[in-house]
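To keep things clear, I will list the structure first and then write my remarks on it.
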Amino acid sequence: RRPTGAVPMLYQSTRGGQSGVPFEQVLLSAYASDGGLFVPESLPRLSRAELCAWAGLDIGRVCARIMVLFTDLSLAECEEIAVAAFATFNPDGAASGAPALPLTRIGELFLLDASLGPTLAFKDVGQQVVGRLLDRYLGRSGRHANIVVETSGDTGPAAIAAVAQCDHVSIFCLYPRGRTSHVQELQMVTVDAPNVTVFRTEGDTDEQARALKLLFSDPAFMSSHTVVSINSINWARIMVQASYYFWAALQLQPSADSNVSFVVPTGAFGNAMGGYLAKRMGLHIGCIVCATNANDVVHRAISTGQIAAGINVETVSPAMDIQ
């Protein structure tokens, strides 16, 4: 069941032109009608007692308790989805009771390994849950949706792996020639599923993103083709990615009374945004350090308050080659 007396969360645009939007509409869309991003109209604040109660849960059940605050699903439905999603992680360790995302001490630091999902990338966390959410909402109304996604390396393979077996979703994925790793390219082009179509482009990831933004800004096209985005502009991705911040922090501080800081590799702030959401919801987080490569738009935005695209530089971390 949902928390006692809880009313399903409603969403608004960051630009103020749209409000009162239910989660299902947010999940099955991209940008708001005014070009903004959908965010909750309010954020739930968790008490220390609630956080302490989560400390003994596995990450799937922690994720479910976050999901129930932002969706109109019951806790049982959220647990069914999230537990199944995290069961795809760390299959070798699961038999011995190891967590889906191992947390290993290295000196005075702890390393959270989010790379043990189906495509060996942290994007599997969000995509495995979001794929199941899409299939659940579409299935109960007998609808079909088309995901259009572009990737710099991680998102595409993870999204394809998440929806390749879905009954109510097709995916169309763009990736730039020569700008993903060979393994990531093979993860996309070797999938033999009728609902998966992959395109190789001649641009870079920023050029792909501009093309998709034009598409997502065409409400008639989006509606007539039931187009969905599962890039990090979709709030469902951020909601799910907050779960490993909650879970990891509560493994280290089960009494939920001391700060835990995180150092996060981030290209466009989607990963770090999950941590910021957790902090705003009451989790004791000290610092969130954003580690970037030469494509340092996040560093420039935080340091100067200005967001301006620079030159997209090819690096050894292509999933972060975003301006």
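Values in this text are rule-based calculations from the coordinates and carry no lab data. A quick note: this is a predicted structure, and the numbers were derived from the prediction, not measured. Every residue, glycine as well, gets a Cβ built from its backbone with ideal geometry; the counts of neighbours run over all protein chains shown.
Counting DSSP beta bridges with both partners in segment 49-188, what percentage is antiparallel, nearest 5?
Within segment 49-188, antiparallel bridges account for around 40 percent of the total.
Can you work out the Karplus-derived ³J(HN,Hα) for every residue in segment 92-103? Use 6.51 cos²θ - 1.76 cosθ + 1.60 with θ = phi - 60°, whole Hz, and x for glycine or proline.
Calculated HN-Hα couplings, in order: 5, x, 4, 4, 9, x, 5, x, 4, 10, x, 10 Hz.
Quick one: length gained pulling L214 to L103 fully straight, 0.36 nm per residue minus the C-alpha distance?
35.9 nm
Name the longest site-free stretch of the chain, where the excluded sites are GluC sites (Glu not before Pro) in a DSSP loop with no more than 16 other beta-carbon atoms within 10 Å.
203-313
Using Cα pairs closer than 8 Å and at least 6 residues apart in sequence, work out the relative contact order for the chain, in percent.
Once normalised by length, the contact order is 17 percent.
Please give the contour-minus-distance gain from D58 to S74: 0.36 nm per residue of separation, less the Cα-Cα distance, rounded to one decimal in nm.
That pair, D58 and S74, stretches by 3.9 nm at full extension.
Within the chain, which whole H helices from DSSP have a Cα span along their axis of at least 18 Å and a mean Kyte-Doolittle hydropathy of -1.0 or more, if any?
The answer, listed by residue number, is 123-141, 235-252.
Evaluate the Debye formula for segment 24-152 with equal point scatterers sitting on the alpha carbons, no solvent, and hand back log10 of I(q)/I(0) at q = 0.11, 0.12, 0.14, 0.20 Å⁻¹, in q order, two decimals.
Here the Debye-derived log intensity ratios amount to -0.49, -0.58, -0.79, -1.36.
Which whole-angstrom value gives the distance between the alpha carbon centres of segment 242-296 and segment 54-114?
Comparing the Cα centres of segment 242-296 and segment 54-114, I get a distance of 15 Å.
Before anything else, pin down the relative contact order of segment 136-212: Cα pairs under 8 Å, at least 6 apart, normalised by residue count, whole percent.
Value for segment 136-212: 34 percent.
In whole angstrom, and with the biggest value first, how far do the Cα coordinates of segment 238-320 range along each principal axis?
Taking the Cα atoms of segment 238-320, the three principal extents are 45, 26, 19 Å.
Taking Rh as the Kirkwood radius, which is the inverse of the mean 1/r over Cα pairs, what is the Rg/Rh value for segment 102-247?
That ratio is 0.99, to two decimals.
Which whole-number percent gives the relative contact order of segment 40-97, counting Cα pairs below 8 Å spaced six or more residues apart?
30 percent
Roughly how many Å is it from the Cα centre of segment 153-185 to that of segment 23-37, as a whole number?
Each part's Cα centre sits 22 Å from the other's.
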